[in-house]
1. Which ones in the range 54-67 are out of contact with any Phe, Trp or Tyr (no Cβ under 8 Å at 6 or more places or on another chain), surrounded by 12 or more Cβ atoms within 10 Å (Cβ to Cβ) and farther than 21 Å from SER129 by Cα?
2. Can you name the condition, by its number, that ALA86 falls short on among (1) surrounded by fewer than 17 Cβ atoms within 10 Å (Cβ to Cβ); (2) in contact with a His (Cβ under 7 Å, 6 or more places away or on another chain)?
3. Is it the case that some residue within the range 136-147 is part of a loop (DSSP other than H, G, I, E, B) and free of Cβ contacts under 8 Å to residues at least 60 places away in the same chain?
4. Can you name every residue in the range 24-50 that is within 14 Å of the chain's Cα centre (by Cα), β-branched (Val, Ile, Thr) and buried (at least 17 other Cβ atoms within 10 Å of the Cβ)?
5. Restricting the search to the range 123-140, which residues are farther than 15 Å from ARG92 by Cα and at pLDDT 95 or above?
6. Among all residue pairs at least 6 apart or on different chains, which show Cβ distances below 6 Å where the first residue, located in the range 24-40, is modelled with pLDDT under 95 and the second is aliphatic (A, V, I, L, M) and not in a strand (DSSP E or B)?
7. Within the range 160-171, work out how many residues are surrounded by 16 or more Cβ atoms within 10 Å (Cβ to Cβ) and charged (D, E, K, R).
8. Just checking, how many residues over the range 67-114 are assigned to a strand (DSSP E or B) and of a type outside the set (Lys, Arg)?
Amino acid sequence: MKHRLLWVVFFSLLCSPGWAKPVSLFEGQLTGEIPALFQPASPEIIATMFSQAATKPQFVFLTVDSETRISFTLAQAPLSIEDLAATKDVLRDQLESQMPLKWLTNEMSDLHGQPWFHLEYEIESDPESKHDTILGTSLNGRLLFVAVSSPETGYDLIKDDLKTLIESLTVVKP
């Protein structure tokens with residue numbers, strides 16, 4: 001019991017807001033703060049985790065148990081800022097057609113002068129429900145996705161850190 005309590009206290013400290021490490025991705029064109037409890041995944045792990053994906057993320061950060069992940073994908077698909085809202089709507093419709101969702105956020109937002117779409121939803125599934133967030137914007141005329149996927153049971157422990165991550169995302173203009 002004593003060891004379990006120590007583990008809970010240690011994990012709570014790790015998950016507290018403010019514990020983040022700065023990252024610079026896509027040759028410095030995207031910066032942000034990754035929560036400290038996430039570690040970068042190797043290219044081999046990314047290839048295995050996303051073996052069925054049409055477009056694999058270039059960067060993935062995982063919790064120690066690999067249950068929660070943050071992925072960054074710069075797709076080949078062209079995307080202008082003007083098409084961002086329409087892209088959000090198409091993605092929302094695709095997601096709705098694939099599975100039953102409970103929508104939490106479906107909006108356009110501005111992060112440091114850059115427009116982004118923001119979709120957040122819960123997926124009720126067996127054996128465990130999930131909490132997912134997808135953000136997207138245009139980076140050099142291409143579609144940039146930032147996706148966070150977490151079991152619903154662990155989401156409350158990391159939600160403040162994920163909010164910090166989202167608020168820290170900055171597209172660096174040349």
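1. Correct list: THR55 only.
2. For ALA86, the exception is condition (2).
3. No, the range 136-147 contains no residue that is part of a loop (DSSP other than H, G, I, E, B) and free of Cβ contacts under 8 Å to residues at least 60 places away in the same chain.
4. ILE34
5. SER138, LEU139
6. What qualifies is LEU37/LEU14.
7. So the answer is 1.
8. Residues flagged as assigned to a strand (DSSP E or B) and of a type outside the set (Lys, Arg) within the range 67-114 amount to 20.
The values are calculated or read from the model by the stated rules, or taken from the named source; none is laboratory data. Model, not experiment: these values are computed from the prediction. Heads up, the Cβs are rebuilt from the backbone with ideal geometry, glycines too, and the neighbour counts pull from every protein chain shown.
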